[in-house]
1. How many angstrom separate the Cα center of segment 46-123 from the Cα center of segment 144-169?
2. How big is the equivalent ellipsoid of segment 1-153 along its three axes, where each semi-axis is √(5λ) from the Cα gyration tensor, reported in whole Å from largest to smallest?
3. Simple spin-label model, 7 Å along Cα-to-Cβ: Ala483 to Glu469 in nm?
4. Place a label point 7 angstrom from the Cα of Leu455 along the Cα-to-Cβ direction, then list the residues of segment 392-421 whose backbone nitrogen is under 18 Å away.
5. With charges only on Cβ, +1 for K and R and -1 for D and E, what is the dipole size of the chain about its Cα centre, in debye, rounded to 20?
6. Around Glu474, under 15 Å between beta carbons, what's the net of Lys plus Arg minus Asp minus Glu among the other residues?
7. What is the spin-label model distance, in nm, from Lys254 to Thr402 if the labels are put 7 Å beyond Cα along the C-beta direction?
8. Can you give the local net charge around Met209? Use residues other than it whose beta-carbon is closer than 15 angstrom to its beta-carbon, Lys and Arg +1, Asp and Glu -1.
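Values quoted throughout were computed directly from the atomic coordinates according to the rules given, and no laboratory measurement underlies them. The shown structure was predicted, so the numbers you read here are calculated from the model rather than taken from an experiment. Note: ideal-geometry Cβ built from the backbone for every residue, glycine included; neighbour counts use all protein chains shown.
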Amino acid sequence: MAKNTNDEQFKNVISHAKEYGFVFQSSEIYDGLSAVYDYGQLGAELKNNLKTYWWKAMVQLHENIVGIDSAIFMHPKVWKASGHVDGFNDPMIDNKDSKKRYRADQLLEDKIARYEKDGKTDKAAKLQAEMDDALKAEDLQQLKTLIEQHEIACPVSGTKNWTEVRQFNLMFSTQFGAMAEGSEEVYLRPETAQGIFVNFLNVQKSGRMKIPFGIAQIGKAFRNEVIARQFIMRMREFEQMEMQFFVRPGEDKKWFAYWKEARLKWHLALGTPAEKYRYHDHVKLAHYANAATDIEFEFPFGFKEVEGIHSRTDFDLSQHQEYSGKKMQYFDNDLDETGKPYGNYVPYVIETSIGLDRMFLLTLINAFEEQDLSEGDKQDSRTLLRLHPCLAPYKVAIFPLTKKDGLPEKARAIMDNLKLDFNCIYEEKDAIGKRYRRQDAIGTPFCVTVDHQTLEDDTVTIRHRDTMEQQRIEIKHLDELIASKTSWKTLFCKD
Ligand code: GAP
């Protein structure tokens, strides 16, 4: 029952996102391109505000973190060194009847979830352990055996007529250079992090950075996901906000704990209820990591990863040192406990990596509310996006009560002043009530109405989105009131 409600809520969010210009299917007029999406006029604003929130928190409020913007194309050896050419694979399996392709581990995960739902917890735990072992050992035959043993059928054809399990590399590749013969195969980056690693020394030297310090970046990443589903949750083209924090060997555990806490605080400052978030500490670690945790959010389809915090040791820099033949070391002239300089070393790295699109999705889901405003026999309702005012695409909507008597001119003059500081929208069509509802649906925290009294005493009505309260205020106080709720200070200077 609860599942249906969640499914419905999720569907409503998706159609709301399209109806109001937040997210569209890519190339929709050609029936779309699977797992690729475009952000519309309001989506682009919300996305930019999320980026600003992250960039301010990570770069501008940390003296020892700087931001870069590296290219999507990188030398092919980068991906050899990083391990992506050989190891960035998903195990996939095809159903011979439906011709549908699945991730073998995902089929098993779904089965585990079903066992858990049916109260068969022992069976679920056993299968989980067996699957983890098979994945770790890269034992593809064992994955197929588990699928057969647990009688997993294709959700489309209903048959158990499976191919062998094969590894499928998730990187997209293309030809670099104009001539077919002279061209070289390059990859579209599957993570932004490598652009940071290869620039580690450039930034350290040119910025005279002292360890510990961080390099941050926001940018596109591409993965040829075997199955892409749940709207913008798993896309083939998406955006990451990543930060690599370079530390002294031996201080990595301390900084991992610091960033784990700091990143959750960043999420919670937006006012999301704490119970919607949880950490998922990895028990089985990638070979280069000595600690890893996911920050998970409770989406309508369950708790899922939004951000990863990884203690990546000196793996990436050492690999690049080996493959490029260039030293990726830092000379630390601070003194250790024995009074000697720490000297030369390859720094250790703590990474924070958040998917911008997933953050966007959780923000929409969290803000979306269908409110029943019925009173007695009078039925009424509204759809509301209770976005944090800092994230709202428009901060203020300006309405002249009518289209005549000089009210539009007065409203335009107010807007011309406010738009220098705030993203504003002007609307004069429809009744005021309808205009309020439209702004509620896109999350605009304030609506300002200019009426005949405004022409006499320079006051307007300002209406608050969440409470629907209206107050009369002087035009000259509008800036201050709107800024008090929409300034980034409201997020960063709490108690
Ligand atoms: N540099 C580390 C790294 O890329 P990851 O866990 O593979 O780690 C980090 O990705 C974040 O990127 C995830 O927590 C998720 O939010 C986002 N992400 C990964 N794959 C994605 C996809 N196909 N679509 C949307 N977001 C994705």
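1. Their Cα centres are 22 Å away from one another.
2. 35, 26, 19
3. 2.2
4. The answer is 399-415, whose backbone nitrogens lie closer than 18 Å to the label point.
5. 320
6. -3
7. Inter-label distance under the simple model: 7.1 nm.
8. That works out to +1.
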